[in-house]
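Some notes on the structure that comes next.
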Amino acid sequence: MGRKKESEEENPDSKYGEPAEFDPSFNGPIHKRGCTDIICCILFLAIVLGYIAVGVLAWLYGDPRHVLYPKNSTGWFCGIGEHKNRPNLFYFDMLKCAMSVNIIASTLNGLQCPTTQVCVEKCPSEFGAALYLPGQKLEDVFNQDLCVPALDLKTTTLTVSEILEKELCPYFYVPSSPVLGRCLPDFSKLEDIPPSFSNVPGLPASVNDTISIIKNGTGARSVNVDLVNGFNAKEISVRIFEDFASSWPWILICLLIAMVVSLLFLLLLRFFAPVMVWVLIFGVLAAGAYGIWHCYWEYDNYKQISATITDVGFTTNFNIYLQVQETWLAFLIVISVVEGILLLILIFLRTRILIAIALIQEASKTISHMMSALAFPLVTFVLLLVCVAYWGITALYLATSGNPVYKVVGLNSTMSSCQSLNGNVTCDPQNFNASDYPSCPSARCIFIKYNEEGLFQRNLFNLQIYNAIAFLWCANFVIALGQCTLAGAFASYYWAFNKPEDIPMFPVCAAFMRTLRYHVGSLAFGALILTLVQIVRILLEYIDDKLRSSQNPVARFIMCCLKCCFWCLEKFIKFLNRNTYIMIAIYGKNFCVSAKNAFQLLMRNVIRVVVLDKVTDLLLFFGKLLVVGGVGTLSFFFFSGRIPLPGSDFRSESLNYYWMPIITVVFGSYFIANGFFSVYNMCVDTLFLCFLEDLERNDGSLQKPYLMSKNLRQILNKSNESPKQRKRKD
């Protein structure tokens, strides 16, 4: 005990393991290695095979047409089969959708509400009502295209009242536009409803109520207001979709510019890293200073005219919020705080920034000798895209597995005979006849749910959970595979004594094949740990959402603490996994041993980790902001119409919400820049760990020379002993 205590006093870092020792045979990633974490590898492969089996079963039993295509009242799909030329679904009375007892199931089935629905070629573009005058023909009273196909207005013997009672033709119709194949009211034309149309004599009250609700957005019952709000939300989504449809080529051009700028920025770092980093730092500070001045100027202007947010209220026009003083005051406070933090970081960490710049320069040299590393994120992106697509398709097929169950529902809930029918009698919509239920004239055959008979159908919920968990595990594994591959390639550069002569051929491909051959189990192990934490976070979000209305302050505080703790835990595990994969790529040890070695190495150099590594990450983050900010500003001036392109058919006035393409470009540019800069981040992290081990393994002597770059040695006041210096000592 005495010796151990004495050792710890001499070497205070001994509790985090002994420093790495010099190994004359070590020259980079070890080639003689064995398979690691075989049990976890077998478990992961079993989960993947089970995942494939679930996808096959879902494909056999599922029918995504129930979600992709609307269905009419007889159960036929619109847009395919015999209704191929009738892709849109028209609802006779939208008010019944909101008043339906089956509103939850209706929402899940794409607004399958208990009113007659027919497939139509085009949604109605004008107003119309069943106003009958003596001697008038039926085809002049009703619109044949909107009636039930089985009804021929020229040959039928039914009267107008019988047609309306049986819901063979609609009482009325309003201008509509197709939304996902459903005809929903076109709000741009509702202001043109004739005043007399709101009070048509002889029509049922529900029709008048519906017209009033759709036109004025008013109603006595909250469910009606909810229906109108739903229509408004759908109208906004339609306008956003129209904006994307007209501007998508320009969005792609902006994203292409972001890709070119990101690549150009990284190439310039190769030759002008010090200049670019300092220009970047002072550029961010200058931009922040300008932002503070501009926000104060806007705030002072709106303060003088007393423009407050209380005068605005809630509105979907976000430009209005930029015309009140509170918005600019909030911007001013946020930018000032960020600017102050950046200034403090620059003042106290100025010497560490020099080392960070040297690491970035070394990373630039590394990547310049293996340019294929910049293209490797595309491999990761494609694999992630496959995971997401497989998860989405499997979830869709699972959600539509089993045959749909239809039951008879009475629309008139006040009649006892109709109440006894609701949910008790199954039916076939293609052969349903309302005359079979004379005691309930309003009987309709509507969708309720998908059947749960059979082992597969009874476990659909469990299979959806399995689908989600397997997706998270596979996605995390793909990210781990990319990180370990890049780490192996970059480590081979650092530990090469004569660069670039000693760098192996095709280092990225060699690292990729080495990782797949030996370390699938270790990567799956790390991905599983991260997946379990993410599952807990998802469960906490779900519980918080379900219990939000019933929580007391103590429960909300506990839930907030739990969510914060697991968020921090996820960030820590990602950080530790990242460094663990670097150690796996270099030494080929299993996950636990590599995690222990990486953690101890980082803790033995905790000051450098907290300061140096994070400063480097911050500098690269500034680079991302520069790319995103530049492309975002360009897209703002273009989509807002301030930079018109000569000879272009695109006009900003044609956009309903010009900020939606801008937001899309900003987020897309960030993901693109993050993809390119992630290679730099991984390179810097790998070189950083190698740099720490280099300091522990070597001392600069002729037998133990440092492998770090000359620039790094100068900054750290380190030097390698030359043969002449050795002779002088001798």
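Matching residues to (1) under 20 Å from residue 486 (Cα atoms); (2) open to solvent by less than 40 Å² (accessible area, probe 1.4 Å); (3) at pLDDT below 80:
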{"site": "582", "(1), (2), (3)": "yes, yes, no"}
{"site": "591", "(1), (2), (3)": "yes, yes, no"}
{"site": "607", "(1), (2), (3)": "no, no, yes"}
{"site": "634", "(1), (2), (3)": "no, no, no"}
{"site": "637", "(1), (2), (3)": "no, no, yes"}
{"site": "645", "(1), (2), (3)": "no, no, yes"}
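What's the number of the condition residue 479 fails, among (1) farther than 30 Å from residue 710 by Cβ; (2) crowded, with 17+ Cβ neighbours inside 10 Å; (3) free of Cβ contacts under 8 Å to residues at least 60 places away in the same chain? All conditions are met except number (3). Restricting 61, 69, 91, 51 to those that are hydroxyl-bearing (Ser, Thr, Tyr) and at pLDDT 90 or above reduces the list to 51. Mind checking whether some residue in the stretch 59-71 is of a type in the set (D, E, K, R), part of a strand (DSSP E or B) and surrounded by 14 or more Cβ atoms within 10 Å (Cβ to Cβ)? For the stretch 59-71, residues of a type in the set (D, E, K, R), part of a strand (DSSP E or B) and surrounded by 14 or more Cβ atoms within 10 Å (Cβ to Cβ): present. The residues listed here are 564, 560; of these, the one that is closer than 24 Å to residue 475 by Cα and either over 27 Å from the mean Cα position of the chain (by Cα) or not hydroxyl-bearing (Ser, Thr, Tyr) (or both) is 564. Per this entry, residue 111 is not counted among residues that are assigned to a loop (DSSP other than H, G, I, E, B), modelled with pLDDT of 75 or more and out of contact with any Asp or Glu (no Cβ under 7 Å at 6 or more places or on another chain).
If the condition is being touching a residue at least 24 places away in the same chain (Cβ under 8 Å) and farther than 20 Å from residue 123 by Cα, then the stretch 146-160 contributes only 160. Applying the selection to the stretch 122-155, what residues are surrounded by fewer than 17 Cβ atoms within 10 Å (Cβ to Cβ) and small (Gly, Ala, Ser)? Of everything in the stretch 122-155, those that are surrounded by fewer than 17 Cβ atoms within 10 Å (Cβ to Cβ) and small (Gly, Ala, Ser) turn out to be 125, 135, 150. Of the helices (runs of 4 or more DSSP H) entirely within the stretch 332-429, those holding at least 2 residues that are at negative phi and at pLDDT below 75 occupy 350-368, 416-419.
Exactly one residue among 510, 555 is free of Cβ contacts under 8 Å to residues at least 60 places away in the same chain, closer than 17 Å to residue 488 by Cα and part of a helix (DSSP H, G or I), and that residue is 510.
The values are calculated or read from the model by the stated rules, or taken from the named source; none is laboratory data. Just so you know, these numbers come straight off a predicted model, no measurement behind them. As a convention, Cβ positions derive from the backbone with ideal geometry for all residues, glycine included, and neighbour counts pool all protein chains shown. Ligands, DNA and RNA are excluded from the accessible area calculation, which covers all protein heavy atoms including side chains. Shrake-Rupley method; radii C 1.70, N 1.55, O 1.52, S 1.80 Å.
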